[in-house]
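First up is the structure itself, then whatever we jot down about it.
Read-outs: derived from the displayed coordinates by stated rules, not from any lab. Just so you know, these numbers come straight off a predicted model, no measurement behind them. Here the Cβ positions follow ideal geometry from the backbone for every residue, glycine too, while neighbour counts run over all protein chains shown.
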Amino acid sequence: MAEPTKLPEHRRRRGLLVVLSSPSGAGKTTISRMLMASDPSITMSVSATTRPMRPGEEEGVHYHFVDEAEFQRMVDDEELAEWAYVFDHRYGSPKEPIKDALKDGRDILFDIDWQGTQQLRGAFGTDLVRIFILPPSMGELERRLRSRATDSEDVIQGRMRRAAAEIGHWGEYDYVLINEDMDRCLDEVKAIVRAERLKRDRQPYLIPFVRDLVERPNN
């Protein structure tokens, strides 16, 4: 895929933070991968985690792997924009890389739950675009979880119980999509990202541009 056309330095927009949340099995991970594959200007946030590294994972690529003491130090020093416990391990998003991305006009994608989304909203305000993905039905969600053939019955039932609680927070998001068809849902996410990039507040160069347009009409 061709690289996106780069705007000149003086036309650089402000970056965008995109959250995709959904119950496990509703499709957010697949859609996240498809979105990044189709748009090289979007990268996934690299979280810090206390979870052990799995085979095939790389430090600084998939996660920043830290122990409990280091994670707690990051929390105490307010280095994390958000953090939460997920299945007995802690995950969090370091602030500084996010700030740098916003300033440089780069877009970051977050695969986090509603708790992390609330914290991120508190830290970055309207730089954050919140998208929640719903399954077409709870029966279909369970079918998708079982089709993975990777989880025990207890794990599946636990995910289903958690799904009901997570869905209860759909009203806290800016956009809510029903993932009946993966390709159509991806197109809807792309449309949201395109529109959000064009918002006035994300184009700071418009202020001097419009001023020059009015004050120097013949140039």
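Structure summary
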| item | result |
| --- | --- |
| Long-range amide H partners of TYR63 with built H, under 5 Å | GLU58 |
| Selection of GluC sites (Glu not before Pro), the range 32-112, meeting DSSP coil and at most 16 other Cβ within 10 Å | GLU57, GLU58, GLU78, GLU79 |
| MRE, 222 nm, helices only [DSSP H, n ≥ 4, -39500 (n - 2.57), over the chain, to nearest 500] | -13000 deg cm²/dmol |
| Ranked list, fewest to most other Cβ atoms within 10 Å of each Cβ, for TYR205, TYR85, TYR173 | TYR85, TYR205, TYR173 |
| Karplus (6.51, -1.76, 1.60) ³J(HN,Hα), θ = phi - 60°, over the range 128-133, in Hz, Gly and Pro reported as x | 9, 10, 9, 10, 10, 10 |
| Electrostatic dipole magnitude of the range 68-219 [Cβ: Lys, Arg +1; Asp, Glu -1; Cα centre; debye, to 20] | 600 |
| LEU134 long-range amide H proximity, modeled H, under 5 Å | LEU177, ILE178, ASN179 |
| Lysine pairs in the chain with Cα atoms under 19 Å, if 8 or more residues apart or on separate chains | 8 |
| Label-point gap, in nm, between SER41 and ARG12 - each point 7 angstrom along Cα→Cβ | 1.4 |
| Spin-label pair ARG144/GLN118, simplified geometry with 7 Å Cα→Cβ offset, distance in nm | 2.4 |
| Shape call, the range 1-147: gyration tensor on alpha carbons, a/c limit 1.5 | oblate |
| Loop-resident sites, the range 151-208, for trypsin sites (Lys or Arg not before Pro), counting at most 16 other Cβ within 10 Å (DSSP) | LYS199 |
